[in-house]
Amino acid sequence: MTSLKCIAVDDEPLALGLVVSFIQKTPFLELVGRFGSGVEALKYLHEHPGTVELAFLDIQMQELTGLELARVLGPDGPRVIFTTAFSQYAVDGYRVDALDYLLKPFNYEEFLRAAGKARAYAERTAQHAPPAPTAPDEEEYLFLKADYQLVRVALSDILYVEGLKDYVKVHLKSTPRALLSLMSLKAMEEKLPARRFMRIHRSFIVALDKIEAVRRLTVQIGAVTIPVGDQYKEPFLQFLSRWT
């Protein structure tokens, strides 16, 4: 594949210079801009829409942080790899769908591994591009049988799903009243996109972007603490390893 066009953004000149040097020595990356602030980067991206495929963003910056910049750019912007000295931003990085998270100080091997994820993502996207646009409802909603009717549920509204023998209880952000549907947790797991949901216990599936904290082998979603089951521990720890 051709090179990925990328930018580097950091308000620390030495840190910015290091990322730039790493980009320049990586054959499949092409540096198209370097910026000392998120505001400068945002201006460039607005003036050159669709030209940047990957952004290496520092998180803590004056005026506009890397997280704020990623939220402004949204899903139509370039993919993001965060660089920061603070590990507590890992879950926030996932919420804006970052590809990876480099904890300073990092070496070229760590940088190259993260850049490789961006290349692999770009190759998968090119190979599996859909022949026609998918209707929004097919991606953002699912239909559940509840209260003797079919109910449309937005995926973004789901906090977690609880298995109760032959039923599932779908806990929602928009209402304290959970939906009860006659189906197995396994069937529900197959309905939900694996990129956004993970089964972490024989009785629970969680929305990954709704996780507020991870303490030992439990996750916190709002006021609810959900344990990670032994048989689901390994994939969950693999997921966490990308952000710690």
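May I ask you to order 43-55, 226-238 by the average number of other C-beta atoms within 10 Å around their residues, highest value first?
Put in order of decreasing packing, that is 43-55, 226-238.
Once the piece of chain linking Ser156 and Phe106 is laid out straight, how much longer is it, given 0.36 nm per residue of separation minus the C-alpha distance between them?
14.6 nm
Restricting to bridges with both residues inside the chain, how much of the DSSP beta-bridge set is antiparallel, in percent to the nearest 5?
The answer is about 60 percent antiparallel.
So how much slack lies between Met183 and Lys117, counting 0.36 nm per residue of separation and subtracting their Cα-Cα distance, in nm?
20.2 nm
Compactness ratio of the chain: Cα Rg over 2.2 N^0.38 Å, N = residue count?
1.12
Once fully extended, how much extra length lies between Leu172 and Leu240, figured as 0.36 nm per residue of separation less the alpha-carbon to alpha-carbon distance?
Length gained between Leu172 and Leu240: 22.1 nm.
Magnitude of the Cβ-charge dipole of the range 4-127, K/R +1 and D/E -1, about the Cα centre, nearest 20 debye?
Result for the range 4-127 is approximately 340 debye, rounded to the nearest 20.
In debye to the nearest 20, how big a dipole does the chain give about its Cα centre with +1 on each Lys and Arg Cβ and -1 on each Asp and Glu Cβ?
Its charge dipole is roughly 820 debye.
Using just the C-alpha positions of the range 182-244 as equal point scatterers, what log10 of I(q)/I(0) does the Debye formula give at each q in 0.13, 0.27 1/Å?
Debye output, listed in q order: -0.32, -1.37.
Check cross-link reach from Lys191 to the lysines: straight Cα distance under 27 Å, and skip same-chain residues fewer than eight apart.
Result set, ordered by chain and number: Lys117, Lys145, Lys165, Lys169, Lys173, Lys210, Lys233.
Based on the mean of other Cβ atoms within 10 Å per residue, sort peptides 3-12, 212-221 so the most packed one is first.
Highest to lowest by the protection proxy: 3-12, 212-221.
Residues of the range 22-40 with backbone nitrogen within less than 20 Å of a virtual label 7 Å along the Cα-to-Cβ line of Glu68, please, listed as ranges.
35-40
No lab work stands behind these numbers, since they all come straight from the coordinates. Here the structure is a predicted model, which means the values were calculated and not measured. Glycine also receives a Cβ, built like all others from the backbone with ideal geometry; neighbour counts cover every protein chain displayed.
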